[in-house]
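What follows is a short report on a single structure.
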Amino acid sequence: MTDSPLLVVVLAAGKGVRMQSDLPKVLHSIGGRSMLGHVLAAASALKADATALVLAPNMAAVREEAQRILPGVETFEQPEPLGTANAVLAAKPALMRHKGRVLVLFADSPMLQPETLQRLVDGLDAANIAVLAFKPGDPAGYGRLVLDAGGRVTAIREDKDASEEEKRIELCNAGAMAFRVADLAGLLARIDNSNSKGEYYLTDAPALAAKDGLTATPVLCRVEDASGINSREQLAAAEAIFQSRARSAAMQRGATLIAPETVWFSFDTVTGRDVTIEPNVFFGPGVVVEDGVHIMANCHMTQTRLRRGARVGPFARFRPGTDIGHGARIGNFVEVKNAIVEAGAKANHLAYIGDARVGESANVGAGTILCNYDGFAKHRTDIGNGAFIGSNSSLVAPVKIGEGAYIGSGSVITKDVAPGALGLARAPQEERPGWVAKFRHFMQRRKKTA
Ligand code: UD1
Ligand code: MG
């Protein structure tokens, strides 16, 4: 059984009305990735033979997100949100083609780990149906698992249909269920909508199975793995679980987090050994932090690589395409975008570095702005190795500063500067000796005569 082919069916239609959102529920993010993305990633870790996604009509954005995460996914539309069993039926062509096991997942349960799903599927070795079960602190809203004396699931009672006694059952349905396709087809055909919501519930399958002498077993998982998201509060709770896992993982890989609860990770943040992360740091998607990097407080970064031994912040902002070299220093109130700052280079205070290369060991002074945008197109700036950009300079791109060149402070540089040269583009300083006394004298006389 364990080796029979596996089809994963992910349900992503349904109303999701409690989110109060124009965005489909399953596209809301946790750790910088959509719920759907998390579920498909967990499913693909199982190395399933095929994955089917059921979505509502006119949900091109959901389909695109699914195909981005898992290009081989086959999508089906459920014309109306008539319930989870009806949603599985929408994937009938995939079910008909398939021989073996079927794992049904809800796209609104994004915290499920691949190991948990594997245990669930392995539950089929001992039963016809495996139901992922958990014991939430507050079971309200979840389906309750009714067990027989032997611990088999004889029914799942939805919250709205449960009696007072059934509501006291602590063991709940996490949403994921595994079947053999041969059993599933017959069960789906018999599920009706005689319940308080008037929906076709997939959760009716175990009770129907029991009538046929088929068995359903609960497979227990941790509460954190099971959280289903129907509201923004639940989304925030899942985010908190995600973040606490990501913080632990970073620390286990060798990062010091001075105040872990203030550091925010994305699903793909990579951090190395002997990294120090001070409080209030936000990692958007696509960040790699190599060994020995020190991130001072209050930094924000997305699609950025910080190479070995770089030291950045406090208050640095790295937008997509930032690459900070080995041992480079980026200080407070510096913004970098689509730029390579090479090994040992420094921009310690108040600067904008966009669409550029800052060569090895170059020094970018306080207040330097790379003027990369003319209102129509972006242009590049190249600062040569060892160049020194004096404070408060504007480098108007496209422009090239040669190796080892100096730029005088306050310059507005519009032309290339040769290697080793001084580029100076500011009004020359004048000095008028004794001017202040004459000025005062003149002004006082004018005041008297007025
Ligand atoms: C469901 C379960 C409940 C379980 C809980 C766990 C049913 C009937 N109930 O309740 O036992 O404790 O999940 O989180 O299965 N969907 C469709 N089409 C539909 C309806 C739903 O695709 O017509 C999808 C939704 O997008 C969602 C998933 O199925 O991803 C579950 O639907 P939802 O309405 O959230 O069910 P719950 O009330 O959470
Ligand atoms: Mg739900």
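The values are calculated or read from the model by the stated rules, or taken from the named source; none is laboratory data. Everything quoted here is computed from the prediction, not taken from an experiment. Quick reminder, even Gly has a Cβ in these numbers, built from the backbone with ideal geometry, and neighbours come from all protein chains shown. Each accessible area value is taken on the protein alone, full model and side chains, heavy atoms only, with ligands, DNA and RNA left out. Shrake-Rupley method; radii C 1.70, N 1.55, O 1.52, S 1.80 Å.
The set of residues in segment 1-28 that are crowded, with 23+ Cβ neighbours inside 10 Å, part of a loop (DSSP other than H, G, I, E, B) and either more than 8 Å from ligand 1 (Cβ to nearest atom) or among the β-branched types (Val, Ile, Thr) (or both) contains only PRO24.
For segment 101-113, taking the residues that are open to solvent by 10 Å² or more (accessible area, probe 1.4 Å) and over 15 Å from PHE242 (Cβ atoms), the one that is nearest to ligand 1 (Cβ to nearest atom) is identified as PHE106.
The condition of being modelled with pLDDT under 95, open to solvent by less than 40 Å² (accessible area, probe 1.4 Å) and within 19 Å of ARG101 (Cα to Cα) holds for only one of GLY228, GLY186, that being GLY186. In segment 29-46, the residue that is surrounded by the fewest Cβ atoms within 10 Å (Cβ to Cβ) out of those that are in a helix (DSSP H, G or I) and away from ligand 2 (no atom under 16 Å from the Cβ) is ALA45. From the list ALA189, ALA185, ALA176, the lone residue that is in contact (Cβ under 8 Å) with a residue 24 or more places away in the chain, more than 27 Å from PRO136 (Cα to Cα) and of a type in the set (Gly, Ala, Ser) is ALA185. For segment 164-178, does any single residue satisfy the condition of being open to solvent by 10 Å² or more (accessible area, probe 1.4 Å), charged (D, E, K, R), within 14 Å of ligand 1 (Cβ to nearest atom) and touching a Ser or Thr at 6+ places or on another chain (Cβ under 8 Å)? Within segment 164-178, not a single residue is open to solvent by 10 Å² or more (accessible area, probe 1.4 Å), charged (D, E, K, R), within 14 Å of ligand 1 (Cβ to nearest atom) and touching a Ser or Thr at 6+ places or on another chain (Cβ under 8 Å).
Quick grid of which residues meet (1) assigned to a strand (DSSP E or B); (2) closer than 14 Å to LEU395 by Cα; (3) in contact (Cβ under 8 Å) with a residue 40 or more places away in the chain:
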site	(1), (2), (3)
ASN332	yes, no, no
LYS337	yes, no, no
ILE340	yes, no, no
ARG357	yes, yes, no
GLY367	no, yes, no
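Does segment 383-399 include one or more residues that are of a type in the set (Val, Ile, Thr), crowded, with 17+ Cβ neighbours inside 10 Å and over 30 Å from PHE283 (Cβ atoms)? Within segment 383-399, one or more residues are of a type in the set (Val, Ile, Thr), crowded, with 17+ Cβ neighbours inside 10 Å and over 30 Å from PHE283 (Cβ atoms). For VAL288, the conditions (1) open to solvent by less than 40 Å² (accessible area, probe 1.4 Å); (2) assigned to a loop (DSSP other than H, G, I, E, B) all hold with the exception of (2).
Listed here are the residues, each with its yes/no results for (1) aliphatic (A, V, I, L, M); (2) surrounded by 19 or more Cβ atoms within 10 Å (Cβ to Cβ); (3) in the same structural domain as GLY402 (by TED's automatic domain parsing).
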{"residue": "GLU342", "(1), (2), (3)": "no, yes, yes"}
{"residue": "ASN348", "(1), (2), (3)": "no, no, yes"}
{"residue": "ALA351", "(1), (2), (3)": "yes, yes, yes"}
{"residue": "ALA356", "(1), (2), (3)": "yes, yes, yes"}
{"residue": "GLY359", "(1), (2), (3)": "no, yes, yes"}
{"residue": "GLY365", "(1), (2), (3)": "no, yes, yes"}
{"residue": "LEU370", "(1), (2), (3)": "yes, yes, yes"}
{"residue": "TYR373", "(1), (2), (3)": "no, no, yes"}
{"residue": "THR381", "(1), (2), (3)": "no, yes, yes"}
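For the residues ALA126, ALA209, the requirement of being open to solvent by less than 10 Å² (accessible area, probe 1.4 Å), more than 24 Å from LYS15 (Cα to Cα) and more than 10 Å from ligand 1 (Cβ to nearest atom) singles out ALA209.
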